[in-house]
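Here's the structure we're looking at; comments come further down.
The values are calculated or read from the model by the stated rules, or taken from the named source; none is laboratory data. Note that this is a predicted model, so its numbers are computed, not measured. Counting neighbours? That spans all protein chains shown, and the Cβs are built from the backbone with ideal geometry, glycine included.
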Amino acid sequence: MPKPATVSTTDALVRQVVIVGGGTAGWMAATALSRALGPVGRHITLIESDAIGTVGVGEATIPPIRAFNAMLDIAEDRFLRETMGSYKLGIEFVDWGRIGQRYFHPFGAAGQDFHGVPFHQLWLRHRARGGDTGLTDYSMCTVTAREGRFGIPPAGDRTPLAHIAHAYHFDATLYAALLRRVAEEQGVVRHEGRVVQVDRDGGTGDVTAVRLDDGRTIAGDLFVDCSGFAGLLIEGALVTGYHDWRHWLPMDRALAMPTTRLDPLPPYTRATAHSAGWQWRIPLQHRTGNGHVYSSGFTTADDAERLLRDHVPGEPCGDVRSLSFTTGMRRKAWSHNVVALGLAAGFVEPLESTSIHLIQHGIQRLIALFPGAAVHPAERDAYNADMARAFEAVRDFVVLHYKATTRDDSDFWRTMRAMTVPDSLAHRIELWRAQGRLIPQAGDIFAVPSWAAVLTGQELWPAAYEPGVDRLNADSVEAALRDMHAAYRRAARSLPMHAAALPR
(Lines give C-alpha, C1' and ligand atoms only; values in the text may rest on other atoms or scores of the structure.)
Protein backbone atom coordinates (compact mmCIF):
# COMPACT_ATOMS: atom_id res chain seq x y z
CA MET A 1 0.00 0.00 0.00
CA PRO A 2 1.59 3.33 -1.04
CA LYS A 3 2.41 5.85 1.67
CA PRO A 4 0.50 9.11 1.60
CA ALA A 5 2.39 12.07 0.25
CA THR A 6 4.10 14.22 2.85
CA VAL A 7 3.17 17.91 2.77
CA SER A 8 5.83 20.35 3.93
CA THR A 9 4.63 22.51 6.79
CA THR A 10 6.45 25.52 5.43
CA ASP A 11 4.84 25.05 2.03
CA ALA A 12 1.43 25.33 3.67
CA LEU A 13 2.10 28.51 5.62
CA VAL A 14 0.09 31.69 5.32
CA ARG A 15 2.94 33.58 3.66
CA GLN A 16 1.75 37.01 2.61
CA VAL A 17 0.41 39.30 5.37
CA VAL A 18 -0.86 42.64 4.13
CA ILE A 19 -1.57 45.47 6.60
CA VAL A 20 -3.83 48.19 5.23
CA GLY A 21 -3.19 51.44 7.05
CA GLY A 22 -0.31 52.79 9.09
CA GLY A 23 -0.53 55.02 12.13
CA THR A 24 -0.25 53.56 15.61
CA ALA A 25 -2.33 50.45 14.91
CA GLY A 26 -0.68 49.56 11.60
CA TRP A 27 2.89 49.95 12.77
CA MET A 28 2.22 48.21 16.10
CA ALA A 29 0.89 45.26 14.09
CA ALA A 30 3.75 45.33 11.58
CA THR A 31 6.45 45.46 14.24
CA ALA A 32 4.94 42.78 16.47
CA LEU A 33 4.03 40.36 13.66
CA SER A 34 7.42 40.64 11.98
CA ARG A 35 9.07 40.05 15.33
CA ALA A 36 6.87 37.11 16.36
CA LEU A 37 6.59 35.28 13.05
CA GLY A 38 10.29 35.42 12.31
CA PRO A 39 12.16 34.57 9.10
CA VAL A 40 10.19 31.50 8.05
CA GLY A 41 9.15 32.54 4.58
CA ARG A 42 6.45 34.99 5.64
CA HIS A 43 6.38 38.46 4.14
CA ILE A 44 4.69 41.44 5.78
CA THR A 45 3.64 44.40 3.69
CA LEU A 46 2.12 47.65 4.98
CA ILE A 47 0.19 50.07 2.81
CA GLU A 48 -0.39 53.64 3.92
CA SER A 49 -0.92 57.01 2.34
CA ASP A 50 0.77 60.16 3.57
CA ALA A 51 -2.24 62.05 2.25
CA ILE A 52 -4.51 60.40 4.84
CA GLY A 53 -4.00 61.91 8.29
CA THR A 54 -4.09 59.95 11.52
CA VAL A 55 -6.56 60.56 14.34
CA GLY A 56 -3.86 60.99 16.97
CA VAL A 57 -6.05 61.30 20.08
CA GLY A 58 -4.54 58.28 21.82
CA GLU A 59 -1.54 59.64 23.68
CA ALA A 60 -2.00 57.91 27.03
CA THR A 61 -1.84 54.25 27.94
CA ILE A 62 -2.19 51.71 30.73
CA PRO A 63 0.67 49.58 32.17
CA PRO A 64 0.56 46.59 29.76
CA ILE A 65 2.16 48.78 27.07
CA ARG A 66 5.45 48.17 28.90
CA ALA A 67 5.25 44.44 28.15
CA PHE A 68 4.49 45.18 24.49
CA ASN A 69 7.54 47.41 24.11
CA ALA A 70 9.67 44.83 25.93
CA MET A 71 8.47 42.14 23.49
CA LEU A 72 9.80 44.37 20.69
CA ASP A 73 13.09 45.02 22.53
CA ILE A 74 12.36 48.74 22.68
CA ALA A 75 14.06 49.99 25.83
CA GLU A 76 12.08 52.38 28.01
CA ASP A 77 14.69 55.15 27.80
CA ARG A 78 14.69 55.00 24.00
CA PHE A 79 10.90 54.93 23.88
CA LEU A 80 10.52 58.00 26.10
CA ARG A 81 13.21 59.97 24.26
CA GLU A 82 11.93 59.23 20.75
CA THR A 83 8.24 59.79 21.56
CA MET A 84 8.77 62.82 23.87
CA GLY A 85 7.00 60.71 26.46
CA SER A 86 6.43 61.04 30.18
CA TYR A 87 5.44 58.68 32.97
CA LYS A 88 1.84 58.07 33.96
CA LEU A 89 0.73 56.83 37.39
CA GLY A 90 -3.02 57.07 36.84
CA ILE A 91 -5.83 59.52 36.07
CA GLU A 92 -7.20 62.39 38.13
CA PHE A 93 -10.97 62.81 37.67
CA VAL A 94 -12.44 66.26 38.25
CA ASP A 95 -16.19 67.01 38.64
CA TRP A 96 -17.36 63.50 37.73
CA GLY A 97 -19.31 62.39 40.78
CA ARG A 98 -20.36 65.95 41.54
CA ILE A 99 -19.09 69.43 40.73
CA GLY A 100 -16.18 70.43 42.95
CA GLN A 101 -15.11 66.86 43.66
CA ARG A 102 -11.96 65.15 42.43
CA TYR A 103 -10.50 61.69 42.89
CA PHE A 104 -7.60 59.62 41.58
CA HIS A 105 -7.71 56.31 39.74
CA PRO A 106 -4.20 54.90 40.28
CA PHE A 107 -2.43 52.03 38.60
CA GLY A 108 -1.54 49.06 40.73
CA ALA A 109 -3.05 48.11 44.06
CA ALA A 110 -4.44 50.31 46.80
CA GLY A 111 -3.17 48.91 50.08
CA GLN A 112 -2.63 45.23 50.73
CA ASP A 113 -5.09 42.41 51.34
CA PHE A 114 -5.13 41.04 54.90
CA HIS A 115 -5.51 37.28 55.37
CA GLY A 116 -7.56 36.91 52.18
CA VAL A 117 -9.78 39.93 52.87
CA PRO A 118 -9.68 42.48 50.01
CA PHE A 119 -8.14 45.76 51.10
CA HIS A 120 -11.08 47.84 49.96
CA GLN A 121 -13.29 45.86 52.35
CA LEU A 122 -10.98 46.75 55.25
CA TRP A 123 -11.11 50.36 54.15
CA LEU A 124 -14.93 50.30 54.06
CA ARG A 125 -14.90 49.32 57.73
CA HIS A 126 -12.32 52.04 58.39
CA ARG A 127 -14.70 54.55 56.80
CA ALA A 128 -17.68 53.20 58.77
CA ARG A 129 -15.66 53.78 61.98
CA GLY A 130 -15.16 57.43 61.07
CA GLY A 131 -11.85 57.20 59.19
CA ASP A 132 -11.10 60.25 57.09
CA THR A 133 -8.54 58.90 54.61
CA GLY A 134 -9.61 57.92 51.10
CA LEU A 135 -9.17 54.46 49.63
CA THR A 136 -6.47 55.57 47.20
CA ASP A 137 -4.55 57.36 49.95
CA TYR A 138 -3.14 53.86 50.44
CA SER A 139 -1.91 53.68 46.86
CA MET A 140 1.78 54.30 46.19
CA CYS A 141 0.88 55.64 42.75
CA THR A 142 -1.65 58.13 44.12
CA VAL A 143 0.66 59.47 46.82
CA THR A 144 3.57 59.75 44.38
CA ALA A 145 1.42 61.49 41.75
CA ARG A 146 0.19 64.07 44.26
CA GLU A 147 3.81 64.89 45.07
CA GLY A 148 4.57 65.30 41.36
CA ARG A 149 7.35 62.74 41.65
CA PHE A 150 8.37 59.50 40.00
CA GLY A 151 10.86 56.69 40.40
CA ILE A 152 11.37 53.07 39.35
CA PRO A 153 12.43 50.81 42.22
CA PRO A 154 15.39 48.49 41.69
CA ALA A 155 14.70 44.83 40.98
CA GLY A 156 13.82 42.92 44.14
CA ASP A 157 12.92 46.06 46.08
CA ARG A 158 10.73 45.25 49.09
CA THR A 159 9.94 48.80 50.19
CA PRO A 160 6.69 50.63 49.40
CA LEU A 161 8.33 51.81 46.15
CA ALA A 162 7.83 48.29 44.81
CA HIS A 163 4.09 49.11 44.62
CA ILE A 164 4.59 51.73 41.91
CA ALA A 165 3.02 50.71 38.59
CA HIS A 166 3.31 52.98 35.60
CA ALA A 167 2.36 53.56 32.00
CA TYR A 168 3.15 56.48 29.68
CA HIS A 169 1.98 59.61 27.95
CA PHE A 170 3.51 59.96 24.49
CA ASP A 171 3.17 61.47 21.05
CA ALA A 172 1.37 58.77 19.06
CA THR A 173 2.73 60.07 15.75
CA LEU A 174 6.31 59.80 17.03
CA TYR A 175 5.55 56.32 18.39
CA ALA A 176 4.34 55.19 14.97
CA ALA A 177 7.54 56.59 13.43
CA LEU A 178 9.66 54.70 15.97
CA LEU A 179 7.79 51.47 15.27
CA ARG A 180 8.17 51.99 11.53
CA ARG A 181 11.95 52.19 11.90
CA VAL A 182 11.99 48.98 13.93
CA ALA A 183 9.57 47.17 11.59
CA GLU A 184 11.51 48.06 8.45
CA GLU A 185 14.72 46.86 10.10
CA GLN A 186 12.88 43.55 10.60
CA GLY A 187 12.00 43.30 6.93
CA VAL A 188 8.54 44.89 6.70
CA VAL A 189 8.00 46.51 3.30
CA ARG A 190 6.00 49.74 3.16
CA HIS A 191 4.04 50.83 0.08
CA GLU A 192 2.88 54.41 -0.27
CA GLY A 193 -0.61 54.54 -1.75
CA ARG A 194 -4.33 54.59 -1.20
CA VAL A 195 -6.51 51.49 -1.52
CA VAL A 196 -9.24 52.05 -4.11
CA GLN A 197 -10.46 48.49 -4.71
CA VAL A 198 -10.64 45.21 -2.80
CA ASP A 199 -10.64 41.92 -4.74
CA ARG A 200 -12.37 38.85 -3.29
CA ASP A 201 -12.43 35.16 -4.16
CA GLY A 202 -15.71 34.28 -5.89
CA GLY A 203 -16.05 31.02 -4.00
CA THR A 204 -14.80 31.61 -0.44
CA GLY A 205 -15.43 35.34 -0.23
CA ASP A 206 -11.90 35.84 1.14
CA VAL A 207 -9.97 38.95 0.20
CA THR A 208 -7.31 38.08 -2.37
CA ALA A 209 -5.74 41.46 -3.15
CA VAL A 210 -6.06 45.22 -2.83
CA ARG A 211 -5.54 47.68 -5.65
CA LEU A 212 -3.91 51.06 -5.13
CA ASP A 213 -4.65 54.40 -6.71
CA ASP A 214 -1.56 54.15 -8.92
CA GLY A 215 -2.73 50.85 -10.44
CA ARG A 216 -0.57 48.44 -8.40
CA THR A 217 -2.12 45.22 -7.07
CA ILE A 218 -0.90 43.75 -3.80
CA ALA A 219 -1.99 40.19 -3.10
CA GLY A 220 -2.07 38.51 0.30
CA ASP A 221 -3.12 35.46 2.27
CA LEU A 222 -4.09 37.31 5.46
CA PHE A 223 -5.09 40.97 5.66
CA VAL A 224 -4.97 43.21 8.72
CA ASP A 225 -7.34 46.19 8.47
CA CYS A 226 -5.87 49.22 10.25
CA SER A 227 -7.66 51.75 8.05
CA GLY A 228 -9.33 53.59 10.93
CA PHE A 229 -13.02 54.33 11.26
CA ALA A 230 -13.50 53.65 7.53
CA GLY A 231 -12.81 49.92 7.96
CA LEU A 232 -12.01 49.58 4.25
CA LEU A 233 -11.79 45.80 4.35
CA ILE A 234 -13.72 44.66 7.42
CA GLU A 235 -16.72 46.84 6.60
CA GLY A 236 -16.23 48.35 3.17
CA ALA A 237 -15.58 44.99 1.51
CA LEU A 238 -16.95 42.38 3.94
CA VAL A 239 -19.86 44.38 5.45
CA THR A 240 -19.31 42.78 8.84
CA GLY A 241 -21.70 45.02 10.78
CA TYR A 242 -21.32 47.13 13.90
CA HIS A 243 -22.56 47.04 17.50
CA ASP A 244 -23.63 50.64 18.14
CA TRP A 245 -23.21 51.65 21.81
CA ARG A 246 -24.34 55.26 21.57
CA HIS A 247 -27.34 54.57 23.83
CA TRP A 248 -24.81 53.97 26.63
CA LEU A 249 -21.99 56.22 25.40
CA PRO A 250 -23.48 59.10 23.39
CA MET A 251 -20.17 60.92 22.94
CA ASP A 252 -19.65 61.17 19.18
CA ARG A 253 -17.31 64.12 18.66
CA ALA A 254 -13.85 65.10 19.85
CA LEU A 255 -11.73 68.23 19.52
CA ALA A 256 -7.96 68.10 20.05
CA MET A 257 -5.61 71.04 20.59
CA PRO A 258 -1.97 71.11 21.77
CA THR A 259 -0.70 73.74 24.18
CA THR A 260 2.68 74.56 25.67
CA ARG A 261 4.43 72.23 28.12
CA LEU A 262 3.29 72.09 31.74
CA ASP A 263 5.77 73.03 34.45
CA PRO A 264 6.02 71.27 36.81
CA LEU A 265 5.28 68.20 34.70
CA PRO A 266 2.56 66.06 36.34
CA PRO A 267 2.94 62.25 36.18
CA TYR A 268 -0.73 61.65 35.50
CA THR A 269 -3.56 62.32 33.06
CA ARG A 270 -6.44 64.60 34.03
CA ALA A 271 -10.06 64.08 32.90
CA THR A 272 -12.40 66.98 33.72
CA ALA A 273 -16.15 66.54 33.28
CA HIS A 274 -18.11 69.31 31.54
CA SER A 275 -21.78 69.87 30.83
CA ALA A 276 -21.96 67.56 27.79
CA GLY A 277 -18.78 65.50 27.95
CA TRP A 278 -15.28 65.81 29.32
CA GLN A 279 -11.81 67.23 28.67
CA TRP A 280 -8.46 65.42 28.69
CA ARG A 281 -5.06 66.82 29.64
CA ILE A 282 -2.01 64.75 28.73
CA PRO A 283 1.43 66.12 29.73
CA LEU A 284 4.28 65.39 27.30
CA GLN A 285 7.88 66.57 27.38
CA HIS A 286 7.43 69.07 24.54
CA ARG A 287 3.77 70.02 24.77
CA THR A 288 0.44 69.29 26.45
CA GLY A 289 -2.24 67.30 24.67
CA ASN A 290 -5.76 68.61 25.28
CA GLY A 291 -9.11 67.54 23.97
CA HIS A 292 -12.84 67.79 24.52
CA VAL A 293 -14.97 64.67 23.99
CA TYR A 294 -18.65 65.54 23.78
CA SER A 295 -22.08 64.50 22.59
CA SER A 296 -23.41 66.50 19.62
CA GLY A 297 -26.91 65.75 20.89
CA PHE A 298 -26.33 67.96 23.94
CA THR A 299 -24.10 70.81 22.73
CA THR A 300 -22.96 72.53 19.55
CA ALA A 301 -19.55 72.33 17.90
CA ASP A 302 -18.99 76.06 18.49
CA ASP A 303 -19.82 75.82 22.18
CA ALA A 304 -17.65 72.72 22.55
CA GLU A 305 -14.65 74.46 20.99
CA ARG A 306 -15.21 77.60 23.06
CA LEU A 307 -15.29 75.52 26.24
CA LEU A 308 -12.05 73.75 25.29
CA ARG A 309 -10.24 77.00 24.52
CA ASP A 310 -11.42 78.52 27.81
CA HIS A 311 -10.11 75.61 29.89
CA VAL A 312 -6.76 74.61 28.38
CA PRO A 313 -3.55 75.29 30.29
CA GLY A 314 -0.77 77.33 28.70
CA GLU A 315 -0.72 78.81 25.22
CA PRO A 316 -2.04 77.06 22.08
CA CYS A 317 0.74 75.73 19.84
CA GLY A 318 -1.38 74.16 17.11
CA ASP A 319 -4.77 74.22 15.45
CA VAL A 320 -7.92 72.60 16.81
CA ARG A 321 -8.58 69.27 15.06
CA SER A 322 -11.99 67.63 15.07
CA LEU A 323 -13.21 64.10 14.49
CA SER A 324 -16.49 62.23 14.57
CA PHE A 325 -17.01 58.66 15.74
CA THR A 326 -19.61 56.13 16.76
CA THR A 327 -18.90 54.27 19.98
CA GLY A 328 -19.11 50.51 19.57
CA MET A 329 -17.34 47.57 17.94
CA ARG A 330 -17.49 45.42 14.82
CA ARG A 331 -19.75 42.40 15.06
CA LYS A 332 -16.68 40.38 14.06
CA ALA A 333 -13.14 41.66 14.48
CA TRP A 334 -11.97 38.72 12.33
CA SER A 335 -14.09 37.93 9.26
CA HIS A 336 -12.95 35.60 6.46
CA ASN A 337 -9.21 36.31 6.19
CA VAL A 338 -9.38 39.88 7.47
CA VAL A 339 -8.52 40.94 11.03
CA ALA A 340 -9.47 44.46 12.10
CA LEU A 341 -7.33 46.35 14.62
CA GLY A 342 -7.58 49.79 16.17
CA LEU A 343 -10.40 52.08 15.08
CA ALA A 344 -11.31 49.65 12.30
CA ALA A 345 -12.27 47.15 15.01
CA GLY A 346 -14.13 49.57 17.25
CA PHE A 347 -13.90 52.58 19.53
CA VAL A 348 -15.17 52.89 23.07
CA GLU A 349 -13.90 56.46 23.62
CA PRO A 350 -10.67 57.96 25.06
CA LEU A 351 -11.71 57.83 28.73
CA GLU A 352 -9.40 55.50 30.70
CA SER A 353 -6.88 55.40 27.83
CA THR A 354 -7.73 51.96 26.45
CA SER A 355 -7.57 52.46 22.68
CA ILE A 356 -3.90 51.58 22.30
CA HIS A 357 -4.26 48.72 24.76
CA LEU A 358 -7.07 47.18 22.69
CA ILE A 359 -4.76 47.30 19.66
CA GLN A 360 -2.07 45.56 21.69
CA HIS A 361 -4.55 42.98 22.99
CA GLY A 362 -5.77 42.21 19.46
CA ILE A 363 -2.22 41.83 18.14
CA GLN A 364 -1.23 39.45 20.92
CA ARG A 365 -4.32 37.32 20.37
CA LEU A 366 -3.65 37.26 16.62
CA ILE A 367 -0.11 36.05 17.24
CA ALA A 368 -1.41 33.35 19.58
CA LEU A 369 -4.01 32.21 17.02
CA PHE A 370 -2.05 32.88 13.84
CA PRO A 371 -3.27 30.49 11.13
CA GLY A 372 -1.21 27.83 9.42
CA ALA A 373 -2.25 26.77 5.93
CA ALA A 374 -5.59 28.56 6.07
CA VAL A 375 -7.83 30.30 8.54
CA HIS A 376 -9.56 27.73 10.71
CA PRO A 377 -13.08 28.70 11.87
CA ALA A 378 -12.22 27.70 15.46
CA GLU A 379 -9.29 30.13 15.52
CA ARG A 380 -11.42 32.90 14.12
CA ASP A 381 -14.26 32.22 16.58
CA ALA A 382 -11.87 32.17 19.54
CA TYR A 383 -10.40 35.51 18.46
CA ASN A 384 -13.81 37.14 18.04
CA ALA A 385 -15.06 35.89 21.39
CA ASP A 386 -11.95 37.13 23.15
CA MET A 387 -12.07 40.57 21.54
CA ALA A 388 -15.78 40.92 22.29
CA ARG A 389 -15.09 40.21 25.97
CA ALA A 390 -12.27 42.77 26.03
CA PHE A 391 -14.30 45.51 24.34
CA GLU A 392 -17.36 44.86 26.50
CA ALA A 393 -15.29 44.91 29.68
CA VAL A 394 -13.85 48.30 28.73
CA ARG A 395 -17.33 49.52 27.75
CA ASP A 396 -18.76 48.60 31.15
CA PHE A 397 -15.92 50.26 33.04
CA VAL A 398 -16.26 53.48 31.03
CA VAL A 399 -20.07 53.53 31.32
CA LEU A 400 -19.69 53.26 35.09
CA HIS A 401 -18.09 56.73 35.20
CA TYR A 402 -21.19 58.27 33.62
CA LYS A 403 -23.78 56.25 35.52
CA ALA A 404 -22.25 56.66 38.98
CA THR A 405 -22.81 60.40 39.27
CA THR A 406 -25.06 62.69 41.27
CA ARG A 407 -24.74 65.56 38.77
CA ASP A 408 -28.03 67.00 37.56
CA ASP A 409 -26.81 70.37 36.26
CA SER A 410 -27.42 69.59 32.57
CA ASP A 411 -29.64 67.46 30.34
CA PHE A 412 -26.57 65.36 29.51
CA TRP A 413 -25.85 64.35 33.11
CA ARG A 414 -29.51 63.80 33.94
CA THR A 415 -29.74 61.46 30.94
CA MET A 416 -26.60 59.57 31.92
CA ARG A 417 -27.76 59.11 35.52
CA ALA A 418 -31.10 57.71 34.38
CA MET A 419 -29.89 55.39 31.63
CA THR A 420 -30.28 51.62 31.77
CA VAL A 421 -26.80 50.13 31.73
CA PRO A 422 -25.72 46.77 30.22
CA ASP A 423 -26.81 43.76 32.28
CA SER A 424 -23.20 42.83 32.94
CA LEU A 425 -22.54 46.24 34.52
CA ALA A 426 -25.86 46.30 36.35
CA HIS A 427 -24.94 43.01 38.05
CA ARG A 428 -21.58 44.39 39.18
CA ILE A 429 -23.17 47.51 40.60
CA GLU A 430 -25.76 45.51 42.53
CA LEU A 431 -23.08 43.27 44.04
CA TRP A 432 -21.18 46.38 45.08
CA ARG A 433 -24.23 48.13 46.53
CA ALA A 434 -25.03 45.15 48.75
CA GLN A 435 -21.72 44.51 50.51
CA GLY A 436 -18.97 46.09 48.44
CA ARG A 437 -18.15 42.90 46.56
CA LEU A 438 -16.15 43.06 43.33
CA ILE A 439 -15.84 39.78 41.43
CA PRO A 440 -13.37 39.65 38.50
CA GLN A 441 -14.97 38.74 35.18
CA ALA A 442 -13.62 37.12 32.01
CA GLY A 443 -12.10 39.74 29.73
CA ASP A 444 -11.44 42.27 32.49
CA ILE A 445 -8.69 44.72 31.65
CA PHE A 446 -9.20 46.68 34.87
CA ALA A 447 -8.77 44.73 38.10
CA VAL A 448 -10.61 45.03 41.42
CA PRO A 449 -8.57 48.02 42.70
CA SER A 450 -9.55 50.07 39.63
CA TRP A 451 -13.25 49.35 40.08
CA ALA A 452 -13.00 50.18 43.77
CA ALA A 453 -11.20 53.46 43.01
CA VAL A 454 -13.91 54.68 40.64
CA LEU A 455 -16.86 53.49 42.73
CA THR A 456 -15.58 55.07 45.93
CA GLY A 457 -14.18 58.09 44.10
CA GLN A 458 -17.62 58.87 42.71
CA GLU A 459 -19.19 58.14 46.10
CA LEU A 460 -21.34 55.18 45.16
CA TRP A 461 -21.38 53.57 48.58
CA PRO A 462 -22.37 49.99 49.47
CA ALA A 463 -24.89 49.35 52.21
CA ALA A 464 -22.32 47.39 54.24
CA TYR A 465 -18.93 45.71 54.06
CA GLU A 466 -18.71 41.94 53.81
CA PRO A 467 -19.03 40.00 57.10
CA GLY A 468 -15.57 38.41 56.89
CA VAL A 469 -13.96 41.76 57.70
CA ASP A 470 -15.06 41.54 61.33
CA ARG A 471 -12.98 38.42 61.98
CA LEU A 472 -9.93 40.70 61.88
CA ASN A 473 -9.16 42.83 64.93
CA ALA A 474 -10.25 46.37 64.06
CA ASP A 475 -7.64 48.15 66.19
CA SER A 476 -4.80 46.10 64.70
CA VAL A 477 -6.02 46.82 61.18
CA GLU A 478 -6.34 50.55 61.93
CA ALA A 479 -2.76 50.61 63.22
CA ALA A 480 -1.60 48.86 60.04
CA LEU A 481 -3.44 51.40 57.90
CA ARG A 482 -1.76 54.30 59.72
CA ASP A 483 1.67 52.75 59.26
CA MET A 484 0.99 52.03 55.59
CA HIS A 485 -0.22 55.56 54.90
CA ALA A 486 2.84 57.10 56.57
CA ALA A 487 5.24 54.72 54.81
CA TYR A 488 3.83 55.58 51.38
CA ARG A 489 4.20 59.30 52.02
CA ARG A 490 7.80 58.94 53.22
CA ALA A 491 8.67 56.77 50.22
CA ALA A 492 7.08 59.20 47.74
CA ARG A 493 8.97 62.17 49.15
CA SER A 494 12.26 60.34 48.66
CA LEU A 495 11.78 60.30 44.87
CA PRO A 496 12.89 62.93 42.33
CA MET A 497 10.42 65.24 40.67
CA HIS A 498 8.82 63.75 37.57
CA ALA A 499 10.73 65.79 34.98
CA ALA A 500 14.05 64.96 36.66
CA ALA A 501 13.23 61.23 36.47
CA LEU A 502 12.84 61.29 32.68
CA PRO A 503 15.75 60.03 30.52
CA ARG A 504 17.89 62.78 29.08
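Observations on the model:
- Options Ala271, Ala209: the member that is without any contact (Cβ under 8 Å) to a residue 60 or more places away in the chain, of a type outside the set (S, T, N, Q) and not in a loop (DSSP other than H, G, I, E, B): Ala209
- Filter result (exposed (fewer than 14 other Cβ atoms within 10 Å of the Cβ), under 21 Å from Thr240 (Cβ atoms) and of a type outside the set (Val, Ile, Thr)) within the stretch 200-223: Asp201, Gly202, Gly203, Gly205
- Members of the stretch 472-488 that are free of Cβ contacts under 8 Å to residues at least 24 places away in the same chain and either within 18 Å of Arg129 (Cα to Cα) or under 27 Å from the mean Cα position of the chain (by Cα) (or both): Asn473, Asp475, Ser476, Ala479, Arg482, Asp483
- Those helices (runs of 4 or more DSSP H) lying entirely in the stretch 377-473 with at least 2 residues touching a helix residue (DSSP H, G or I) at 6+ places or on another chain (Cβ under 6 Å), over 21 Å from Tyr138 (Cα atoms) and not assigned by TED's automatic domain parsing to the domain that holds Arg127: 377-403
- Of everything listed in (1) out of contact with any strand residue (DSSP E or B) (no Cβ under 7 Å at 6 or more places or on another chain); (2) over 30 Å from Met71 (Cα atoms); (3) in a loop (DSSP other than H, G, I, E, B), the single unmet condition for Asp302 is (3).
- Residue in the stretch 151-176 that is surrounded by the fewest Cβ atoms within 10 Å (Cβ to Cβ), counting only those that are assigned to a helix (DSSP H, G or I) and hydroxyl-bearing (Ser, Thr, Tyr): Thr173
- Members of the stretch 12-28 found to be small (Gly, Ala, Ser), over 18 Å from Ala209 (Cβ atoms) and assigned to a loop (DSSP other than H, G, I, E, B), listed by number: Gly22
- Of all residues in the stretch 125-150, those satisfying the criterion of being assigned to a loop (DSSP other than H, G, I, E, B) and within 27 Å of Phe114 (Cβ to Cβ) are Arg129, Gly130, Gly131, Asp132, Thr133, Gly134, Ser139.
- Criterion violated by Ala374 - all others in (1) crowded, with 19+ Cβ neighbours inside 10 Å; (2) in contact (Cβ under 8 Å) with a residue 60 or more places away in the chain; (3) over 25 Å from Ala426 (Cβ atoms) satisfied: (1)
- Count - residues of the stretch 324-347 that are crowded, with 23+ Cβ neighbours inside 10 Å and either assigned to a loop (DSSP other than H, G, I, E, B) or on the phi > 0 side of the Ramachandran plot (or both): 6
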